[in-house]
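The values are calculated or read from the model by the stated rules, or taken from the named source; none is laboratory data. Bear in mind the structure is a predicted one, so any value in this text is a computation, not a measurement. For neighbour counting, all protein chains shown are included, and Cβ atoms are generated from backbone atoms with ideal geometry for every residue, glycine included.
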Amino acid sequence: MTGSNEWWEWDRKIALAVTEPHALHRARMIVRGVVAESAAVSDSRRGDAEIHSVNLAQGTPVTMSPRLASMLRSALWAARMTGGAVTPLDSDDTSLDADAIPPIHPIPTYLDVQIDGDTVLAPFGVNLELGATAVADTVDYAAALVTSLLGCGVLVRIDSVVATAGRSPAGGWQVPLPDRGAVELPPGSAIASHVNDVATSHIGDVTARDRWRIVTVIAPDAVWADAAAATALQRGIGALSWLEQYDLAARLVDTHGRVRTTTAWSDPKAA
């Protein structure tokens, strides 16, 4: 028997389930606290978000709160693992003019952002935007904190990103897939799905007939699951081999509804 609850916060749908129903209220308070803290430090839509102090520093070291430091580390790790496909640098930032930078000073990348403890040094011109990993980092942290404080098994979902911690309920954690069916999520693991807008004719150099409509990835944590799903969606026909390289359990649905899975996606109920 589990206890569950759903609500809207941070402009997103949040779902919570715990293996001990009596712990549901306290678990909800913990998750809401984590969500509020994550938004306060990382959401650049908020004028008072801590991330703005980092972006305004422009080449000067800044001491961050432990929460922002953790979220930025997650973002930089995801960038390294995906070769920059998922990046904490704002791709829409037009303040950095490549023609204004001398050739001996190349355009900075995520590799140039340095963290030492809770201190970050971002090069001049860099504008950090954690939206690509903030949700995944938040569900990871929230799930781990609920289990640590309450000792129960927990599932936390924000939109299509799910993290679990602690033990599973009888029958396991059943997580619906975006198109049909569900998959049983192993305890302590995470799952994320990314869905393409099939009305768009092109994404980069990948045409509609070559790209995926849905990519779902199971990984040890939500940051990796979400980043891998987002990257695979961009890689088109090369997505399967890239996912296999990291031994990730993944399910990919193309624009014709055909399903492909990686070797690690072994649950027949998921295919």
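For (1) among the charged types (D, E, K, R); (2) within 21 Å of the chain's Cα centre (by Cα); (3) buried (at least 20 other Cβ atoms within 10 Å of the Cβ), each residue gets a yes or a no:
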site	(1), (2), (3)
15	no, yes, no
19	no, no, yes
31	no, yes, yes
48	yes, no, no
67	yes, yes, no
78	no, yes, yes
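Restricted to strands (runs of 3 or more DSSP E) entirely inside the range 122-205, those with at least 1 residues that are without any contact (Cβ under 8 Å) to a residue 12 or more places away in the chain are 173-176.
Which is over 30 Å from residue 22 (Cα atoms), part of a loop (DSSP other than H, G, I, E, B) and either at pLDDT 95 or above or polar (S, T, N, Q) (or both), of 75, 85? Steps first, please.
Values: 75 fails: part of a loop (DSSP other than H, G, I, E, B).
Criteria check complete, one pass: 85.
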